[in-house]
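What follows is a single structure, written as C-alpha cells, with notes after it.
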Amino acid sequence: MSIPLIETRNLKKYFDTPRGMLHAVDGVNISIQAGNTLGVVGESGCGKSTLGRTILQLIKPTSGEVLYNGQNIAGYNERQMASIRRDMQIIFQDPFSSLNPRMTVRDIIAEPIRVCKLCHGNAEIYERVNKLMDTVGLASRFENAYPHELDGGRRQRIGIARALAVEPKFIVCDEPVSALDVSIQAQILNLLMDLQSDMGLTYMFITHDLSVVKHISNEIAVMYLGQCVERVNSDRLFENPLHPYTKALLAAIPIPKLMPRKRGAGIIKGEVSNPIDPKPGCRFASRCPNASERCLSEELRLVEAEPGHFVACALYE
Amino acid sequence: MSTAGKAKRRKRSQLSLIWFRFRKNKLAMLGLIIFLMMIFMAAYVSIFGDYEKAITMDMPNKLQTPSAAHLFGTDQFGRDILMRMMFGARISLSVGLLTMVLSLVVGSLIGAAAGYYGGKVDNLLMRIMDVFLAIPSTLLAISIVAALGQGMFNLLLATAVSQIPAFARVVRSAILTVKGQDYIEAARACGMRGGRIILRHILPNAMGPIIVQATLNIARTILGISSLSFVGLGISPPTPEWGSMLSEGKTMMRYYPHLILIPGAAIALAVMSLNLIGDGLRDALDPRLKN
C-alpha cells in the first residue's frame, strides 16, 4: 500500500471544561488513501465533527499525529499551515450559518481565491467563479444574490463551490446533506460523487445517516464517544458488522415494510455515557448486551478480526 | 475587460442599493436632513452671523427674553443666545463626531481582538478596560487634560479615552455572538488570518449594537466637554459651546428657562438625528432586510 493521503495516529482532543476534561476525540487511528472516501458514522456528540476539524488543524489536537502525505502537521502554526490549507477544505452541515449573510454568492466563492492568490485581477477571479458555479450546478444569474435568497440545496452548492475554489485534494464533508430535503440530498450526494471522479478528490464524509454513508464511501469508521470502534470497507460492514454498537446501529435503520417489525429487536437501551473524564474500559460497556468484567477494566484497542476488518471489542480478541 | 467593467458597475450598484434602502426609511431621511442642516449651519454661520455678538459681553442687555433683536434672547452676560448656539455647533459637533470616530475605531479594535482571540488576550485587554471603567470618566478626562495640557487635541484625546471601554465591551460581546458561525471557520480553513477575518466577516455582522453605541456616545461627549469646561480644562469661557451653555445657564433655569432650553434642544436634535441615521444605516447595510 502506498502512503495514505491522510492518516491519524492516536489523535486526541480534550476540551477543558469546568466539570473536567471532555474527551471529544480519544485516540483515533484512521487512514484514507488518495481518491477514496472514508465515511465516519456515529451518534450526535461522539466527536465526529471534532475529528474532522482537528485533522484540518482548525482545532489544535491535544496529542497524537495527523499525517498529510506522510508529513506530520499536528501543531503546525498558521504560517506553516499556509501552504497546506489549499489542499484541505471543509463543507459544513448548516448551509445557513456557513455563508456570510452580508456577502453575495460571487464574493463568497471568490474569497478563497483571493486569500490564496490563485488568480489576479477581478476579471480573472470572476471568470473562475463563474466556472466554479457552473461546476456545482449553480446558474450564473445567482452570482449577485445573497445567501438568504436561495434555498438550502443551492446554498449547499455555494459551500461546495467555495471549498473547490482552491483546488483541494482532500475535503472534510461535515454532514453536508443532513440539513437538506431527501430529494435535494440525493442531488448533492451525486454532485459530490461526480466531483470526486472528475477531480480525483479524497473525502472524509461525516454523517449519522448510514444509508447515506453506504452510498458514498469505500471505507467506514464507526465512532462511539470519541473512539473508533470499528473500521472496514463499507460493503463488509453491512454484511458482517462485528462490534455490538455497529450491530445496533444497523438494526436501527428503518425498513419500509408493511408488516410491523418486532419492536425493540436489537435496539440499544440507555444513553450515551458522559464524555467528561470517562471511566476506563470500553466506553460502550454500560449499554452493551455482551459486556463482561473485562470490558469494564481494560482499554480495548482496534484488532484485525478478519483481513482489513478492525474492531475494538473484547469478543474478538 | 468587459468583466472588469461589469465588476465596477456592480460595486457601484451595491452602494446605490444601500442608498436605495436607506432612502426608503423616512425617519432616517429626516435624521439625515436635520443633521446636514446642522453641519451646514456650523460651516456657514460666519457669513450671516456675527461672532462678536456671541462672545462680547453686553451687561445692560443681559437675560433678555426672546425679541426681534435677539431671537432667542440673551444670557447672563448679554450675549446673543442664537449666535452662541449657532457658533457653538462648530465645536460641539466636531468634537462630538471626532471623539466618536476615535473611540469607535480604537474601542472596536480592542474589543474585536479581545472577543476574537479570547483567552489570555481577552483577559489582558478587558482587565485594562476595567481599570479605565473603574475611574469615573470625568475624573479620567480631567487627569488626562491636566497631564497633557489644555488644548483642542488633548481635549479630544481625553474624552475619547474615557469612551473607549464602553465601545470595547459592546464590540466584544457583539463579536462573541458572530464568532461561532461556520463561515468564520470556513474563512480560517482557506488560510485567512485573524485581522482580515475580523474586518471582512465579523465586524460587518456585528454592526447593529456598535452603531447604536456610537450614536449614543456623541451626546455623552458633548455633555462631557461641558463638565471639563466647568472646571476650566475644556473650552475657555467666551468661546460658545453647547455643553458649557447648558452648565452656565443651569443656575438660572428657574427664572430664565430659555438659557438652557436652546442649547438643550440643539444637543437633543443632534443626538436624535444621529440616532435616526444610525438606525437607518444599520437596516440599510443588512441585505436580509431587503424588499
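The values are calculated or read from the model by the stated rules, or taken from the named source; none is laboratory data. All values reported here derive from a predicted model rather than from experimental measurement. Virtual Cβ from ideal backbone geometry, glycine too; neighbours counted across all protein chains shown. SASA here: full protein model, heavy atoms, side chains in, ligands and nucleic acids out. Shrake-Rupley method; radii C 1.70, N 1.55, O 1.52, S 1.80 Å.
Each residue in the stretch A:192-226 was checked for being open to solvent by 20 Å² or more (accessible area, probe 1.4 Å) and either assigned to a helix (DSSP H, G or I) or basic (Lys, Arg) (or both), and 9 pass. With the structure loaded, tell me whether B:ARG84 is crowded, with 21+ Cβ neighbours inside 10 Å, among the charged types (D, E, K, R), at negative phi and part of a helix (DSSP H, G or I) or whether it fails that test. Yes: the conditions hold for B:ARG84. Of all residues in the stretch B:247-258, those that are of a type in the set (Ser, Thr, Tyr) have Cβ atoms under 7 Å from Cβ atoms of residues that are open to solvent by 60 Å² or more (accessible area, probe 1.4 Å), 6 or more apart or on another chain, in B:SER247/B:PHE230. Comparison of A:SER49, A:SER98 shows that the only residue that is of a type in the set (Gly, Ala, Ser) and surrounded by fewer than 22 Cβ atoms within 10 Å (Cβ to Cβ) is A:SER49. Residues in the stretch A:47-84 that are in a loop (DSSP other than H, G, I, E, B), within 20 Å of A:PRO275 (Cβ to Cβ) and more than 14 Å from every other protein chain (Cβ to nearest Cβ): A:GLY47, A:PRO61, A:THR62. Within the option set B:PHE22, B:PHE40, being open to solvent by less than 30 Å² (accessible area, probe 1.4 Å) and at pLDDT 75 or above holds for one residue only, B:PHE22.
Being part of a helix (DSSP H, G or I), surrounded by 21 or more Cβ atoms within 10 Å (Cβ to Cβ) and hydrophobic (A, V, I, L, M, F, W, C) narrows it down to one of A:VAL172, A:VAL129, so name that one.
Values: A:VAL172 fails: part of a helix (DSSP H, G or I).
So the residue among A:VAL172, A:VAL129 that is part of a helix (DSSP H, G or I), surrounded by 21 or more Cβ atoms within 10 Å (Cβ to Cβ) and hydrophobic (A, V, I, L, M, F, W, C) is A:VAL129.
Filtering the stretch A:85-107 to residues that are within 7 Å of chain B (Cβ to nearest Cβ), of a type in the set (Ser, Thr, Tyr) and in contact (Cβ under 8 Å) with a residue 40 or more places away in the chain leaves only A:SER98. Looking only at residues in the stretch A:34-46 that are out of contact with any helix residue (DSSP H, G or I) (no Cβ under 6 Å at 6 or more places or on another chain) and in a loop (DSSP other than H, G, I, E, B), the one that is most open to solvent (accessible area, probe 1.4 Å) is A:SER44. Does the stretch B:251-291 hold any residues that are among the charged types (D, E, K, R) and away from chain A (no Cβ under 14 Å), and which are they? Residues satisfying the conditions are B:ARG254, B:ASP279. Counting only helices (runs of 4 or more DSSP H) that sit wholly inside the stretch B:135-189, those with at least 1 residues that are more than 14 Å from chain A (Cβ to nearest Cβ), crowded, with 19+ Cβ neighbours inside 10 Å and not aliphatic (A, V, I, L, M) are B:137-148, B:152-179.
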